[in-house]
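> Below you will find the structure I want to go over with you.
No value in this document is a laboratory result; all are computed from the given coordinates. Please read these numbers as outputs of a predicted model, since none were measured by experiment. Don't worry about glycine lacking a Cβ; one is built from the backbone with ideal geometry, like all the others, and counts go over all protein chains shown.
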Amino acid sequence: MKYLQTTIIQPFCLSGIGVHSGQFITTRVEPSGVNTGICFWREDISVQDNKIQATIDNTVNAQLCTRIENQAGIGINTIEHFMSALFAMGIDNANIFVDGPEMPILDGSADPIIKALLNAGQKQYSHGVKYLHILKSVSIDGEDGSWAQIGPASDLQISLHIDFPDDGIGQQQVDYSFTSTSYIEQIAPARTFCMMRDVVNMQRAGLAQGGSLENAIVVDNGKILNDGGLRMENECVNHKVLDCLGDLFLSGMLVSGKIKAFKPGHALTVSLMKMLLADKSSYEIRTYTEDTPRAGGYVQFPKVAAAVSA
Ligand SMILES: [Zn+2]
């Protein structure tokens, strides 16, 4: 059960290649105060405003990742796996310092981030956490027959369907009810993926410069090219759930609603959230309390502390 806002106790660092830039990047996650949300800081930039708050309004168009940008045009790419892991572990406030233009891709999943968060411990504030309570359905059509919808539900549920023109991925479907325990088992280990036929075009477009079999599932004509194959059945659609949760968290709140999508991607999920938030009759912002905590399981951190003062 969760109703209080949290941050982490101990700062931690994670380093690795940026999947699109190919740069080696180090990021440091630190605790932050109540109601500060998730904030990224570009430490390689000092002459301009280098603070980028993770909000839906700060998202900008980007290919194959989620990018946020501040008023000065300073941005950070590929934040979605970090946002997803923070959301899933119930960490509402954190400062994330990074020395390059994108977050490290690590092994392509959220597993290393989850392990680091659990190790860092969780500090609880005495303030309730806000959530988006969906009142009516909102839907959006995307490119190539894709669509997404969010509607009322007493909890957070995600039903996704993907359809890729390579039998290594093919059609996959998942109906997922969010709990952080099921996230750790089913969603966090699911790696990002691509089709070999797209790799050349991505690299010509300056993307996927750091992509490799160490950080992505690659399929080619029905075959998984990675040693050891997949980590689980339907790993690709489970990774889409991971991405979707990261993008939902750009609302800055937890979400109580049911998301359904066909061929979802970052741009589609972000557009859906923008459309939802633009229509004030479609949602209410509520606060969880001791009497009305968020339903669904949250994993117990090995280290938990109460904030001395908020
Ligand atoms: Zn992803």
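> Let's test the formula: R0 of 35 Å, r as the Cβ-Cβ distance of Thr292 and Asp167. What FRET efficiency results, to the nearest 0.05?
Approximately 0.15, to the nearest 0.05.
> Report the Cα centroid-to-centroid distance between segment 129-161 and segment 239-302 in angstrom, as an integer.
8
> Okay, moving on. Just report the Cα centroid separation between segment 53-83 and segment 163-210, whole Å.
One Cα centre to the other: 20 Å.
> Listing Glu284, Glu69, Glu235 from the residue with the fewest other Cβ atoms within 10 Å to the one with the most, what is the order?
If I rank by nearby Cβ atoms, fewest first, I get Glu284, Glu69, Glu235.
> Just to be sure I understand: of the beta bridges DSSP finds with both ends in the chain, what percent are antiparallel, rounded to 5?
70
> Okay, moving on. Could you pull out the pairs from Lys115/Lys303; Lys51/Lys115; Lys2/Lys303; Lys2/Lys274 whose alpha carbons sit more than 18 Å apart here?
With Cα atoms farther than 18 Å apart: Lys51/Lys115; Lys2/Lys274.
> Continuing with this model, one more query. So for Phe262, Phe82, fewest C-beta neighbours within 10 Å to most, what's the order?
Least to most surrounded, the residues fall as Phe262, Phe82.
> On full extension of the chain, what length is gained from Asp57 through Ser15, given 0.36 nm per residue of separation minus the C-alpha to C-alpha distance?
Extra length from Asp57 to Ser15 when fully extended: 12.4 nm.
> Might you report the magnitude of the Cβ-based charge dipole of segment 105-173 about its Cα centre, with Lys and Arg at +1 and Asp and Glu at -1, to the nearest 20 debye?
Computed charge dipole of segment 105-173: roughly 740 debye.
> Order these by the 10 Å Cβ neighbour count, fewest first: Ser137, Ser271, Ser126, Ser251.
Ascending number of Cβ neighbours within 10 Å: Ser126, Ser137, Ser271, Ser251.
> At R0 = 51 Å, how high is the FRET efficiency between Thr36 and Val200 if r is their beta carbon distance? Nearest 0.05 is fine.
Numbers: r = 42 Å, r/R0 = 0.83.
It comes to 0.75.
> Compute a Gaussian network model of the chain, connecting alpha carbons closer than 10 Å, and tell me which residue from Thr289, Thr66, Thr78 fluctuates the most.
Thr289
> The chain: D in µm²/s via Stokes-Einstein (Kirkwood Rh, Cα pairs, 25 °C, 0.890 mPa s)?
Using the Kirkwood radius from Cα pairs, D works out to 125 µm²/s.
> For Ser46 and Ser182, FRET efficiency with R0 = 45 Å and r from the beta-carbon atoms, rounded to 0.05? List each step's numbers first, then the result.
Details: r = 42 Å, r/R0 = 0.93.
Step by step, r from the Cβ atoms, then E = 0.60.
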